[in-house]
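The values are calculated or read from the model by the stated rules, or taken from the named source; none is laboratory data. The model shown is predicted, which means the values in this text are computed figures rather than measured ones. Glycine also receives a Cβ, built like all others from the backbone with ideal geometry; neighbour counts cover every protein chain displayed.
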Amino acid sequence: MRLDGKVALVTGSSQGIGQGIAIRLAAEGASVIINYRSHPEGAEETLAKVEASGGKCYMAQCPKNPGYAIKADTGMVEDVQRLVMESVEHFGKLDILVNNAGIEKHAPFWDVTESDYDAVLNVNLKGVFFATQAMVRHLIATKRPGKIINISSVHEELPFPNFTAYCTSKGGMKMLTRNLAVELGSLGITINNVAPGAIETPINTKLLNDPEKLGALLKNIPLGRLGQPQDVAALVAFLASDDANYITGTTFFADGGLLWNYQEQ
Ligand code: NAD
């Protein structure tokens, strides 16, 4: 299998896209560390799905295999550093880091509060920055190559009125990736972004329950449907594999063509 012998950490993997990525990487042979912030039951659900897909189990609660899911708030620097360290301590190494955890807050620009701005930027950008730094330090210390994959968004390119903090964070992620591709290339470390369009996950619950908005959005998606977590996970699995060894500093869109056909309603 493509990821046999690899260890991957997927942040925010208790639901949605992160859960889909954890399941797919495990099915490809990787040992996967599940991260959750506050709901262990979500992490347990990921674990059950990982096992059902033939993947391995790495939670303390699992009777069959050693390991655990790690509780950590990726919006806090000490937490992401501990998350990476604990992953390495538990499995001996890390090969793949998927920075997936992310949040969004809806508000007109003039109403955005400092605390909402901080919440979005801390999880979507600052946490990604320092998780990546901790991963890179580990790879340098162990003199090994590695792969970093950031879950960005079409909104690293595309304006999204009323979500300015979110767009700011994903735009920052784009430059983080370009910069680090140059700075880390000589170390054998690659870094790429996967930019989803509209994916059917809990982050879109409001949209999914609004038939009018949903219908209008579907008209903007050339492939005529919302994406599923596995549509994103398949791309991540490719980028995490040796098939992608010569790819770095790039964003890959998994959006059904939305980016080139988008109109805000
Ligand atoms: P989601 O809300 O279903 O899942 C987000 C995950 O991140 C959850 O498991 C949540 O617990 C975790 N998380 C949030 N804050 C955290 C924190 N402080 N510490 C640890 N974990 C935290 O959303 P999703 O759709 O699965 O989103 C995953 C990623 O994909 C995000 O970065 C999001 O911006 C991006 N994305 C999603 C879509 C979409 O349409 N669903 C589109 C573009 C980009």
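Exactly one condition in (1) touching a Lys or Arg at 6+ places or on another chain (Cβ under 8 Å); (2) of a type in the set (Asp, Glu); (3) at pLDDT below 95 is not met by Asp73; state its number.
Looking at each condition in turn, Asp73 falls short on (3).
Is it fair to say Lys170 is more than 12 Å from Ile149 (Cα to Cα), touching a residue at least 40 places away in the same chain (Cβ under 8 Å), within 16 Å of the ligand (Cβ to nearest atom) and touching a Ser or Thr at 6+ places or on another chain (Cβ under 6 Å)?
Judged against the criteria, Lys170 is a match.
Looking at this structure, is Ala134 crowded, with 19+ Cβ neighbours inside 10 Å and within 20 Å of the chain's Cα centre (by Cα)?
Against the criterion (crowded, with 19+ Cβ neighbours inside 10 Å and within 20 Å of the chain's Cα centre (by Cα)), Ala134 qualifies.
Name the residue that is nearest to Ile33 (Cα to Cα), counting only residues in region 92-151 that are in a strand (DSSP E or B) and within 12 Å of the ligand (Cβ to nearest atom).
Val98
Of all helices (runs of 4 or more DSSP H) completely enclosed by region 185-256, which ones contain at least 2 residues that are more than 16 Å from the ligand (Cβ to nearest atom) and free of Cβ contacts under 8 Å to residues at least 60 places away in the same chain?
Filter on region 185-256 gives 211-219.
Could you run through region 6-27 and say how many residues are away from the ligand (no atom under 14 Å from the Cβ) and crowded, with 24+ Cβ neighbours inside 10 Å?
Looking only at that region, the number is 3.
Sort out which residues of region 1-31 are assigned to a loop (DSSP other than H, G, I, E, B) and within 12 Å of the chain's Cα centre (by Cα), and write them in order of number.
Passing the criteria: Thr11, Gly12, Ser13, Ser14, Gln15.
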